[in-house]
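A short worksheet on the structure shown next.
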Amino acid sequence: MDLNEKLLSSFIAFEDKVNVNDEVHEIRMAALKRFEQQGFPTKKLEAWKYTSLQSLLKKDFSIFPGSKHTLEYPTVRQYFLHETETFKIVFVDGRYSSFLSETTHDGVDVCLFSAAIEKPKYKHVVDEYFNKIADQTDALTNLNTAFANEGAYIFIPKSKAPVKPIEIVHFATGATPQILLQPRNLIVVEENAEVQIIERHQSLGAVEAFTNSVTEIFAHKNARVDYYKFQNDTMKASIVDNTFIEQHNSSEVSIHTFSLGGALVRNNLNFYQRGSHINSIMKGVTLGSERQHIDHYTLVHHTEPDCESHQDYKGIYDGRSVGVFNGKIIVDKIAQKTNAFQQNNNLLISDAATVNTKPQLEIFADDVRCSHGCTIGQLDEDALFYLQSRGIPKKEASALLMYAFANNVLESVKNAALSKRVKDMIAEKLGVKIGFDL
Amino acid sequence: MLKIENLHARVEEKEILKGINLEVKPGEVHAIMGPNGSGKSTLASVIAGREDFEVTEGNISLNGEDLGDLDPEERAHAGVFLSFQYPVEIPGVTVTNFIKAAINESRKAKGLEDMPANEMLSKFREKSSLLEIDRKFLSRSLNEGFSGGEKKRNEIFQMAMLEPKLAILDETDSGLDIDALRIVANGVNKLRGKDNAIVVITHYQRLLDYIVPDHVHVLYNGKIVKSGTKELAFELEEKGYDWIKAENE
């Protein structure tokens, strides 16, 4: 039985576990129908031209986790930003782990999607926001919607901000050796509210996890959202991350994506601007090695005047890794005075590494400032010799130059602990002990 | 200290150094002069271990240690320092971080721990005042947007921080106005000692008014064609290089 058939037949078993008499389930069933028609994306689709899921889909993924596996905090401590200074929504093999989590309902709601769709007090929020901006033409998003049940639910009411950042962490333990995980996150940030979120997917040991994640983020007037995606999973894990953001007047949302690990990584990042004076920020640092395939597919839709978007993606590819960057910017006719900037710079460290980079600008307004630039280069030999001649060994000198190359993006991480963690992850990936916070 | 014997080097198929012999003893300052294209900068790069150049014959040793098979960083650990004619701009790495990394990597190679923070700090203070370097300068990205003079001063500052046994100053005077030249030369002179040596590579005699050499060599067409005392530099300043060329055609 192939994965497609397996998913469809599993849906009946899934219906035994969830409430099938609410609107959410109507949405699931409609999504499943769309997925059935669409099937998994293939390279024939323009958006998937450089990324193939075929070999991944041949694996015998379990749709539901097997026996329950508990993790002790000390064994997974390293994957969290902080023991006490963050809220935590933690899942183990797709199941919520109350043991590792720290949720809150004190002024803000930081809890579970499964709880939110069950409880009447959240019904109006779910009805208003769930699956409202997720792309219904995208098969994987529909697949996630069809099985949507567990994930993070974050609601920040007007003028509130959680007292500390929120970590959303997914572990795959290997209790189920090949597992499909489909987390669904709903994040609503009301007027003048703020939130900082860190998301991480981590496989432990030899488990082959395939995560198909969907996150919907709504940022209302003057809201501020800083979202950090740490993609530093094992070389056996793969992820397709579908993130949809709707922004209203004067809101600012930034998404940083640090893609260091994972066999196949695809980020579909979609910003929909629904107001004026909006700022949308997308930044990424990618370090590919071995046979990794890392794909960033971004979309910004400017629909109102006087808005901005800033994209800056730095990619460094070694080994036989493949990088893809596709950045689409649409500026509607009415969206005058738009400032849209896009930058994608790449370094190829080995002869066998590849980068495909493609800006896609569709501009219908005439009074706009849009710029895009992509570069593909190599490490500067003169700079390398300069550093070496000062006693810095070649490996460390290369690492320092790569770090310098990515520095514009790294600098924009405002949280100091987070910034240090990212730099440490980069040093670890590059196999150097040089602290970049010298 | 530095001993170069019958050194031949080429880049691709072009032979640039054609049998150099040079011995520099501890405490000495040697100047290497010569017209453009004579191989001065190549000699500096070859001593520092640049891979673009292939040594086809001869050898280079420092205090008896053969440098031939060493990588550039290993030569630095052995005590070689090259002040670049064109220092490379590295945005995103501050002067301070760069120098700290350089010092600690050298210590690591010698089996030492990182330099303690207070020691590092006082060293930075001492050496930056020696070269009249503003503290703000240290937190700027390495050489990015630096004027020619700032770049050269930064090179000598690195030299002061790294305390090499052998410093090669490649055209350190180019791009310097007279005030910057004085500061740089003053810094170099303060770093002179009986246990280290300096090789000054320069086209003009000007720098040698400030850094007075014990020996002057003229490099022409890949060979040292003349050696003498500091008076040789005055002679070159007066007569230009044509007579050297004429003598060696």
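The values are calculated or read from the model by the stated rules, or taken from the named source; none is laboratory data. What you are looking at is a predicted structure, and each value in this text was computed from that prediction instead of being measured. Here the Cβ positions follow ideal geometry from the backbone for every residue, glycine too, while neighbour counts run over all protein chains shown.
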Self-check item: Subset of region A:21-39 (residues that are exposed (fewer than 12 other Cβ atoms within 10 Å of the Cβ) and closer than 18 Å to A:VAL126 by Cβ)
Solution: A:ASN21, A:GLU26
Quiz item: So which residues in region B:53-80 are within 8 Å of another protein chain (Cβ to nearest Cβ) and either part of a helix (DSSP H, G or I) or aromatic (Phe, Trp, Tyr) (or both)?
Solution: B:PRO72, B:GLU73, B:ARG75, B:ALA76, B:HIS77
Self-check item: Residue count, region B:93-120 (criterion: of a type outside the set (A, V, I, L, M, F, W, C) and assigned to a loop (DSSP other than H, G, I, E, B))
Solution: 5
Quiz prompt | Residue count, region B:134-156 (criterion: surrounded by fewer than 21 Cβ atoms within 10 Å (Cβ to Cβ) and in a loop (DSSP other than H, G, I, E, B)) | solution = 7
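Let's see how each residue does on (1) farther than 25 Å from A:GLY261 by Cα; (2) surrounded by fewer than 17 Cβ atoms within 10 Å (Cβ to Cβ):
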position	(1), (2)
A:ILE281	no, no
A:GLY288	no, no
A:TYR313	no, no
A:GLY319	no, yes
A:GLN336	yes, yes
A:GLN343	no, no
A:PRO359	no, no
Practice problem: For residues that are part of a helix (DSSP H, G or I) and either touching a Leu at 6+ places or on another chain (Cβ under 6 Å) or small (Gly, Ala, Ser) (or both), tally how many sit in region A:24-55. | Solution: 5
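A quick yes/no check of all residues on (1) surrounded by fewer than 17 Cβ atoms within 10 Å (Cβ to Cβ); (2) closer than 19 Å to A:PHE147 by Cβ; (3) touching a helix residue (DSSP H, G or I) at 6+ places or on another chain (Cβ under 7 Å); (4) not aliphatic (A, V, I, L, M):
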{"site": "A:GLY66", "(1), (2), (3), (4)": "yes, yes, no, yes"}
{"site": "A:GLU72", "(1), (2), (3), (4)": "yes, no, no, yes"}
{"site": "A:THR75", "(1), (2), (3), (4)": "yes, no, no, yes"}
{"site": "A:GLU85", "(1), (2), (3), (4)": "yes, no, no, yes"}
{"site": "A:ILE89", "(1), (2), (3), (4)": "no, yes, no, no"}
{"site": "A:GLY94", "(1), (2), (3), (4)": "no, yes, no, yes"}
{"site": "A:SER101", "(1), (2), (3), (4)": "no, no, no, yes"}
{"site": "A:GLY107", "(1), (2), (3), (4)": "yes, no, no, yes"}
Quiz item: Just for strands (runs of 3 or more DSSP E) wholly inside region A:232-319: which have at least 2 residues that are among the hydrophobic types (A, V, I, L, M, F, W, C) and either outside the structural domain of A:VAL169 (by TED's automatic domain parsing) or at pLDDT 95 or above (or both)?
Solution: A:238-247, A:252-259, A:264-273, A:279-288, A:293-302
Quiz item: Which of the residues that make up region B:81-92 are part of a loop (DSSP other than H, G, I, E, B) and either under 30 Å from A:VAL409 (Cβ atoms) or over 15 Å from the mean Cα position of the chain (by Cα) (or both)?
Solution: B:PHE84, B:TYR86, B:PRO87, B:VAL88, B:GLU89
Quiz item: What are the residue pairs meeting all of these: first residue in region B:9-37, first residue within 24 Å of B:PHE234 (Cβ to Cβ), second residue of a type in the set (Phe, Trp, Tyr), Cβ atoms under 8 Å, and 6 or more apart or on different chains?
Solution: B:GLY34/B:TYR220; B:GLY34/B:TYR241; B:PRO35/B:TYR220; B:PRO35/B:TYR241
Quiz item: Which ranges mark the strands (runs of 3 or more DSSP E) fully within region A:321-438 that have 1 or more residues being within 26 Å of B:GLU74 (Cβ to Cβ) and either at pLDDT 95 or above or within 14 Å of chain B (Cβ to nearest Cβ) (or both)?
Solution: A:339-348
Quiz item: Quick one: in region B:33-52, which of the residues that are within 18 Å of A:ILE392 (Cα to Cα) and in a helix (DSSP H, G or I) is farthest from the other protein chains (Cβ to nearest Cβ)?
Solution: B:VAL46
Practice problem: Spot the failing condition for B:VAL11; the list is (1) touching a Phe, Trp or Tyr at 6+ places or on another chain (Cβ under 7 Å); (2) within 30 Å of B:LYS190 (Cα to Cα); (3) within 14 Å of chain A (Cβ to nearest Cβ), and only one is missed. | Solution: (2)
Quiz item: Hey, does region A:426-437 have a residue that's of a type in the set (Val, Ile, Thr) and touching a strand residue (DSSP E or B) at 6+ places or on another chain (Cβ under 6 Å)?
Solution: no
Quiz item: If you go through region A:139-164, how many residues are part of a loop (DSSP other than H, G, I, E, B) and touching a helix residue (DSSP H, G or I) at 6+ places or on another chain (Cβ under 8 Å)?
Solution: 5
Practice problem: Can you tell me which residue within region B:40-81, out of those that are out of contact with any Phe, Trp or Tyr (no Cβ under 9 Å at 6 or more places or on another chain) and among the small types (Gly, Ala, Ser), is farthest from B:LEU162 (Cα to Cα)? | Solution: B:GLY58
Quiz item: Going by the conditions given, is B:GLU126 part of a helix (DSSP H, G or I) and in contact (Cβ under 8 Å) with a residue 12 or more places away in the chain?
Solution: no
Quiz item: (1) crowded, with 18+ Cβ neighbours inside 10 Å; (2) out of contact with any helix residue (DSSP H, G or I) (no Cβ under 9 Å at 6 or more places or on another chain): which one isn't true of B:ARG182, the others all being true?
Solution: (1)
Quiz item: If you check B:ALA233 against the conditions, is it in contact (Cβ under 8 Å) with a residue 24 or more places away in the chain, within 27 Å of B:LYS123 (Cβ to Cβ) and over 14 Å from the mean Cα position of the chain (by Cα)?
Solution: no
Exercise. Keeping to region A:85-102, report how many residues are closer than 19 Å to A:TYR228 by Cβ and either β-branched (Val, Ile, Thr) or under 21 Å from the mean Cα position of the chain (by Cα) (or both).
Key: 7
